[in-house]
2 protein chains.
Amino acid sequence: MSLLERAEKSLAYHFDALVTPQTPPRLAAAMRHAVFSSGARVRPQLCTAVALACRDDAPGLSDAMGSAIELMHCASLVHDDMPAFDNADTRRGQPTVHKAFGEPLALLTGDALIVLAYQVLAHAGAQQPQRLGALIRNLSAGVGVPSGIVAGQAWECEVRADLSEYQRAKTGALFVAATCGGALAAGADPQPWTPLGACLGEAYQVADDIRDVMGHAQALGKPVGQDALHGRPSVAQSLGLAGAVVYFQNLMDQAVDSIPECGARELLSQVVRRESERLVPTSMCEAVGKPYPHLQSVAAPVAAPGAGNAVA
Amino acid sequence: MSLLERAEKSLAYHFDALVTPQTPPRLAAAMRHAVFSSGARVRPQLCTAVALACRDDAPGLSDAMGSAIELMHCASLVHDDMPAFDNADTRRGQPTVHKAFGEPLALLTGDALIVLAYQVLAHAGAQQPQRLGALIRNLSAGVGVPSGIVAGQAWECEVRADLSEYQRAKTGALFVAATCGGALAAGADPQPWTPLGACLGEAYQVADDIRDVMGHAQALGKPVGQDALHGRPSVAQSLGLAGAVVYFQNLMDQAVDSIPECGARELLSQVVRRESERLVPTSMCEAVGKPYPHLQSVAAPVAAPGAGNAVA
């Protein structure tokens, strides 16, 4: 089973177990729309890959951690798309939740998905109660105050905000929670996995800035030019496009270099390289005169060895 | 120390420990505004009183459970007041969060408070890891899908909704989480405490309906007539005012009757009676020709025996 298949299977399993038929039907439909509209699932794949690097002795728990992270990501997208923020009509090529279901249900959908993330962890954590506290703290650090993605979004509401702190919180915190969460779910020390999450998170934000300038709305599945429109800090604007692309490539190289020596180093490198190509394709690098020679062919899905009992 | 003092002390302790100076300043200010604007703290008082009835062998944990419940309540008020729902300008006699800080920060404040509730539990639960899973599940059941307060709010977005199911979820679920949470924090069986939370939760919703019709905006600290304005189901409208008051009184009697035999029965009865007077004052009962003879003088604050080490 590939990492992606494992992530999808876990999300579907937990969603169906917890969003029962007693749920108000339109809320359940809006939550499903938010979670199952073709996300890349990079955070849960990263979480699982790190868990595998740490022996993954509790695959049900590492899958739950990955699902919880992805649910938080989906919740943040639903709220960020609302008129109070981006006022976006489309996301992943689909109508945003507030466009499809109205603002009240979009607000509630985000809230319910945040709670659902914890429900997933508590559900899976019943088998490993001694690990649950650290997983809850790790997930919360990626989302809440002082430095999670909600805090990152809140820096946009401040008169003065430090660009790197803003970006670290806005996107990086949830990537760090993904890598550290994979280690914690496997009962390992999370600390060596922090740089991988931090580099990927920052790279992801830089890529978003680049694509916001260069991208096509249709290919992205969401509107472009939003950063300039909303006056948000942007690396693509401060470094220029070519500078931003080089900055992105350096971050991706740092991400690969940061991976600790372990049996899953090759698997993790593949995840990073494939994500790099997905985020800032070769054609974009070449278009600004900055080809990225490190990238090899990484189109094949990444197989996750020994993950057959993923959602046991 | 009274139950109220214990609830306030715990909230302040956890808020200061977790909303650190690294938090974006306006987000921190909005969260503080949402949490420390003179709430009655009935849910955490109820939680602590039940914990005391169950010997309260881990007062730091029962205080944390009460604080977590109250943070969820505050989060729900922030989001419910927003233009997508009630569009209320005032709450507890103060400007609502979106009026004072703007819609984006109000949305983020609610999100951050939901996460903060779990952070509080994980923080306190480090001392009692074997109880943490049940506390997380209990808190989540009160808030999320299928039957928590978020689901209750979502029933307003359905074409068809059952009135009692709607009310049970909209308010009752968090009261049940408070009573059951008090038992769970003390390592006791939560089941005998479900009816107390359910009766109080329904009574609270009925009182809200009554006050929405009879109340004065100034005394309530929020606008009146909102149910009719928003076309929401209301017991005061379906039973008439006098009928709704009698229904409320019966629920309060049921609440007292449901309290299991225990050393804190008198303390809990006092909490219920005092809450009854606060919600639907004697003068209101008499105004609709339904005096409530069961009520004794309950003005004195309720002392919580042996709670000196509340936030140890």
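Let's see how each residue does on (1) within 7 Å of chain A (Cβ to nearest Cβ); (2) among the charged types (D, E, K, R); (3) in contact with a Lys or Arg (Cβ under 9 Å, 6 or more places away or on another chain):
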site: B:93; (1), (2), (3): no, no, yes
site: B:100; (1), (2), (3): no, no, no
site: B:109; (1), (2), (3): no, no, no
site: B:114; (1), (2), (3): yes, no, no
site: B:121; (1), (2), (3): no, no, no
site: B:124; (1), (2), (3): no, no, no
site: B:132; (1), (2), (3): yes, no, no
site: B:145; (1), (2), (3): yes, no, no
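Only one of B:51, B:64, B:75 is over 28 Å from residue A:157 (Cβ atoms), crowded, with 24+ Cβ neighbours inside 10 Å, out of contact with any strand residue (DSSP E or B) (no Cβ under 9 Å at 6 or more places or on another chain) and within 14 Å of chain A (Cβ to nearest Cβ); which? Walk me through it before giving the result.
Working: B:51 fails: within 14 Å of chain A (Cβ to nearest Cβ); B:75 fails: over 28 Å from residue A:157 (Cβ atoms).
Going through B:51, B:64, B:75 in turn, the sole match is B:64.
Might you check whether a residue that is modelled with pLDDT under 95 and assigned to a helix (DSSP H, G or I) occurs anywhere in segment A:175-187? Working first, answer last.
Narrowing segment A:175-187 to residues modelled with pLDDT under 95: none.
No, every residue in segment A:175-187 fails to be modelled with pLDDT under 95 and assigned to a helix (DSSP H, G or I).
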Could you tell me whether segment B:48-68 includes any residue that is closer than 28 Å to residue B:227 by Cβ and in contact (Cβ under 8 Å) with a residue 12 or more places away in the chain? no
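Looking only at residues that are more than 7 Å from chain A (Cβ to nearest Cβ) and within 17 Å of the chain's Cα centre (by Cα) in segment B:134-143, which one is farthest from residue A:116 (Cα to Cα)? Steps first, please.
Looking only at segment B:134-143, we keep the residues that are more than 7 Å from chain A (Cβ to nearest Cβ), and these are B:134-135, B:138-139, B:141-142.
Checking which are within 17 Å of the chain's Cα centre (by Cα) leaves us with B:135, B:138-139, B:141-142.
Working: B:135: 15, B:138: 13, B:139: 11, B:141: 10, B:142: 12 Å.
Only one residue fits best here, namely B:135.
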Checking residue A:128 against (1) modelled with pLDDT of 95 or more; (2) at negative phi; (3) out of contact with any Lys or Arg (no Cβ under 7 Å at 6 or more places or on another chain), the condition it does not meet: (1)
Residue B:189: farther than 29 Å from residue A:106 by Cβ, among the charged types (D, E, K, R) and free of Cβ contacts under 8 Å to residues at least 40 places away in the same chain, yes or no? yes
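Of all residues in segment B:25-45 being closer than 20 Å to residue B:89 by Cβ and of a type in the set (A, V, I, L, M, F, W, C), which is surrounded by the fewest Cβ atoms within 10 Å (Cβ to Cβ)?
Start the filter on segment B:25-45 by keeping residues that are closer than 20 Å to residue B:89 by Cβ, which leaves B:26, B:29-39.
Add one more test, that the residue is of a type in the set (A, V, I, L, M, F, W, C), and what stays is B:29-31, B:34-36.
Numbers: B:29: 17, B:30: 26, B:31: 29, B:34: 27, B:35: 24, B:36: 13.
Per the criteria, the residue is B:36.
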Those residues that are among the β-branched types (Val, Ile, Thr) and under 17 Å from residue B:196 (Cα atoms), I need them from segment B:265-290; list them, please. B:271, B:272
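Here is a yes/no grid of residues against (1) β-branched (Val, Ile, Thr); (2) in contact with a helix residue (DSSP H, G or I) (Cβ under 8 Å, 6 or more places away or on another chain); (3) modelled with pLDDT of 95 or more; (4) surrounded by fewer than 24 Cβ atoms within 10 Å (Cβ to Cβ):
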site	(1), (2), (3), (4)
A:140	no, yes, yes, no
A:169	no, yes, no, no
A:192	no, yes, yes, yes
A:196	no, yes, yes, no
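The values are calculated or read from the model by the stated rules, or taken from the named source; none is laboratory data. As the structure is a computational prediction, the values presented were derived from the model and not from experiment. Methodologically, a virtual Cβ is constructed for each residue, glycine included, from the backbone with ideal geometry; neighbour enumeration extends over all protein chains shown.
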